[in-house]
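The values are calculated or read from the model by the stated rules, or taken from the named source; none is laboratory data. The model shown is predicted, which means the values in this text are computed figures rather than measured ones. Cβ coordinates were reconstructed from backbone atoms using ideal geometry, including for glycine residues, and neighbour counts include every protein chain displayed. SASA here: full protein model, heavy atoms, side chains in, ligands and nucleic acids out. Shrake-Rupley method; radii C 1.70, N 1.55, O 1.52, S 1.80 Å.
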Amino acid sequence: MKLDSIDDWIRTFYTNSITQELDGKEVTLFGWVQEVRDLGGIRFIIMQDREGTIQLTIPKKRIAPEVLAKTDLLQKRFSLAVKGNVKKTNMTSRGVEVIPSAIKILSTASEQLPIDITGKTPANIEARLDARPLDLTLEKNFAAFKIQHTALAAIRNYLFDNGFLEVHTPRIIGSATEGGAELFCVDYFDQKAYLAQSPQLYKEELTLSFEKVFEVGPFFRAEESHTRRHLSEFTSIDIEQAFADAKDVMALLEQVIHHACIVVKEKCSSELKTLVYHFQVPELPFKRLTYTEVLESLKAHGVEIPWGEDIPTEAFRELGKLYPYFYFVTDWPTHAKAFYIQPRKDNPEICEGFDLMWRYIELVSGGTRISDKNLLIQRLKEKGLKPESFKSHLQAYDYGMPPHAGWAIGLERLTMILTGKKNIREVTLYPRDRVRLNP
């Protein structure tokens, strides 16, 4: 088949902009064939672009022969350019169709596609991920990423409006950002290096100059966990603020989440409808529970955890039933949090760290950071880490390190909450986990 070129054709509308007000007007569309239905004397082509679908109607006896000949060749996922006239109709749910006057076939597709692009025959998640570029053409899958895009734009804009500067820190680092064994090692010109778990140390150092910074980007953890909420490569939204403590950044965080929910509710109504998902914009302020209060609540419901122990997922599932929306958990045991979290002065066994939970899912971790060099060295040693490995970071404390605090939101987990998806792979374009490295 000889393919056509676009030449001087320019798109005039996306499919969702074709309304009855355009009746009789000529439009130029670009997209793909989603479905072809032939009823003898008339042929219907469902054309899809990133904003939705439109019906192309081909009355065989009244259409130009060269246009009809083109439609004889069409199969699912062929890429098209179409010029035609908009026509009101009672035969479609939109009340509108397009009668083509010219069609260009720009590319072809395999006759046997690995998944059903209409969504009528569902495929399992592994088959879908194996054919991810095709899977993302399904309206309900694209809708989730449109919501993610809108939420991230809302968060960025809120932080810009509140004086934060966007920064970009290294992904290849010489020492463990947060300690622990969940690190990917890389060979860096015969030196041992790691893929960054977070921008933590860099964003803390940047408070010396920029005061209020944020970063959005990919980070890496060699998670052995293979659950519906863990990834090896994930997107994090990190902030750090000078002259602030945990209470300050918690207040900022709930405002950021609240704003993102409002914007998604307003701008993504059609996507939420596609997903058949309804969420309520959370009320402010979010509930605050101390670690000790959480243990007491769990004990009252038959789940007993000794003070100082980590809270397992099953216990959080029970807690999520008691507090079914957003809530903070504060005043964690110091030993349970990262080395850079500030212990409380009145009780060093408790720290100024917090988690923001949604039901049983940890969405955000944050807290007041240690701004005293000697205390930081002490905490590094307590965590079994070597201060000399953090020499360059510790030097920053000789330059007037201010009191500071910050947090990190998992973008994919936030998208799960905003879309109602139950598997984090659904809201990750190309997931990377313990068992998947392709596509």
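Given (1) open to solvent by 20 Å² or more (accessible area, probe 1.4 Å); (2) under 27 Å from A144 (Cβ atoms); (3) of a type in the set (A, V, I, L, M, F, W, C), identify the lone condition not met by I115.
(1)
Looking at M47, M91, which is the one that is modelled with pLDDT under 95 and among the hydrophobic types (A, V, I, L, M, F, W, C)? Lay out the reasoning, then the answer.
Details: M47 fails: modelled with pLDDT under 95.
Of the residues listed, the single one that is modelled with pLDDT under 95 and among the hydrophobic types (A, V, I, L, M, F, W, C) is M91.
Let me spell it out: the conditions are (1) at pLDDT 95 or above; (2) open to solvent by 40 Å² or more (accessible area, probe 1.4 Å), and L80 meets all of them except one. Which number is the exception?
The single condition L80 does not satisfy is (2).
Anything in segment 83-103 that is closer than 15 Å to L22 by Cβ, out of contact with any Asp or Glu (no Cβ under 7 Å at 6 or more places or on another chain) and of a type in the set (S, T, N, Q)? List them, or say none.
Those that are closer than 15 Å to L22 by Cβ, out of contact with any Asp or Glu (no Cβ under 7 Å at 6 or more places or on another chain) and of a type in the set (S, T, N, Q): T92, S101.
Can you go through H168, H149 and tell me which one is open to solvent by 20 Å² or more (accessible area, probe 1.4 Å), more than 26 Å from N423 (Cβ to Cβ) and free of Cβ contacts under 8 Å to residues at least 60 places away in the same chain? Write out each step before concluding.
Values: H149 fails: more than 26 Å from N423 (Cβ to Cβ).
Result of the check over H168, H149: H168.
Just a yes or no: is a residue in segment 376-385 under 30 Å from the mean Cα position of the chain (by Cα) and closer than 26 Å to I237 by Cα?
Narrowing segment 376-385 to residues under 30 Å from the mean Cα position of the chain (by Cα): none.
There is no residue in segment 376-385 that is under 30 Å from the mean Cα position of the chain (by Cα) and closer than 26 Å to I237 by Cα.
Is it true that some residue in segment 210-223 is farther than 18 Å from I409 by Cα and modelled with pLDDT under 95?
Step one: filter segment 210-223 for residues farther than 18 Å from I409 by Cα, giving 210-211, 222.
Applying the additional criterion that residues be modelled with pLDDT under 95 yields 222.
Yes, the conditions are met somewhere in segment 210-223.
Restricting the first residue to segment 125-144 and requiring it to be outside any helix (DSSP H, G or I), which pairs with a second residue that is modelled with pLDDT of 95 or more and surrounded by fewer than 16 Cβ atoms within 10 Å (Cβ to Cβ) meet a Cβ separation below 6 Å and a spacing of at least six or different chains?
Taking only residues 6 or more apart or on different chains, the pairs are A131/P114.
Among the residues of segment 375-399, what is the count of those that are in contact with a helix residue (DSSP H, G or I) (Cβ under 8 Å, 6 or more places away or on another chain) and either hydrophobic (A, V, I, L, M, F, W, C) or open to solvent by 40 Å² or more (accessible area, probe 1.4 Å) (or both)?
Number satisfying all stated conditions: 10.
Which condition number does T419 fail, the rest of (1) closer than 30 Å to A143 by Cα; (2) among the polar types (S, T, N, Q); (3) open to solvent by 10 Å² or more (accessible area, probe 1.4 Å) being met?
So the condition that T419 fails would be (3).
Do you know which residues across segment 232-267 are in contact with a helix residue (DSSP H, G or I) (Cβ under 6 Å, 6 or more places away or on another chain), open to solvent by 10 Å² or more (accessible area, probe 1.4 Å) and not in a strand (DSSP E or B)?
Matches in segment 232-267: H259, V263, K267.
Do the conditions hold for K337, that is, is it closer than 22 Å to T419 by Cα and either of a type outside the set (A, V, I, L, M) or touching a strand residue (DSSP E or B) at 6+ places or on another chain (Cβ under 8 Å) (or both)?
Details: closer than 22 Å to T419 by Cα: no; either of a type outside the set (A, V, I, L, M) or touching a strand residue (DSSP E or B) at 6+ places or on another chain (Cβ under 8 Å) (or both): yes.
In short, no.
For residues that are among the basic types (K, R) and under 23 Å from E349 (Cβ atoms), scanning just segment 243-301, find the one that is farthest from the chain's Cα centre (by Cα). Write out each step before concluding.
Initial filter on segment 243-301 (among the basic types (K, R)): 247, 265, 267, 273, 287-288, 299.
Filter once more, so that each one left must be under 23 Å from E349 (Cβ atoms): 247, 288, 299.
Values: K247: 26, R288: 25, K299: 34 Å.
That would be K299.
Could you check segment 423-438 and list, in sequence order, the residues that are open to solvent by 30 Å² or more (accessible area, probe 1.4 Å) and either at pLDDT 95 or above or more than 20 Å from E224 (Cα to Cα) (or both)?
Matches in segment 423-438: E426, L429, Y430, R432.
Given the options E215, E182, name the one that is in contact (Cβ under 8 Å) with a residue 40 or more places away in the chain and open to solvent by 10 Å² or more (accessible area, probe 1.4 Å). Before you say what the answer is, go through the steps one by one.
Values: E215 fails: open to solvent by 10 Å² or more (accessible area, probe 1.4 Å).
None of the others qualify; the one that does is E182.
Criterion first (at pLDDT 95 or above and either at negative phi or aliphatic (A, V, I, L, M) (or both)) does P312 satisfy it? I'd like the intermediate steps shown before the answer.
Working: at pLDDT 95 or above: no; either at negative phi or aliphatic (A, V, I, L, M) (or both): yes.
When the stated conditions are applied, P312 does not pass them.
Spot the failing condition for I54; the list is (1) free of Cβ contacts under 8 Å to residues at least 40 places away in the same chain; (2) open to solvent by less than 50 Å² (accessible area, probe 1.4 Å); (3) out of contact with any Phe, Trp or Tyr (no Cβ under 8 Å at 6 or more places or on another chain), and only one is missed.
(1)
What are the residue pairs meeting all of these: first residue in segment 14-38, first residue more than 22 Å from L106 (Cβ to Cβ) and free of Cβ contacts under 8 Å to residues at least 24 places away in the same chain, second residue part of a loop (DSSP other than H, G, I, E, B) and open to solvent by 70 Å² or more (accessible area, probe 1.4 Å), Cβ atoms under 7 Å, and 6 or more apart or on different chains?
Sorted first by the residue in segment 14-38, then by its partner, the list stays empty.
N124 fails exactly one of the following numbered conditions: (1) open to solvent by 70 Å² or more (accessible area, probe 1.4 Å); (2) closer than 29 Å to T28 by Cα; (3) within 25 Å of the chain's Cα centre (by Cα). What is the number of that condition?
Result: N124 passes all but (2).
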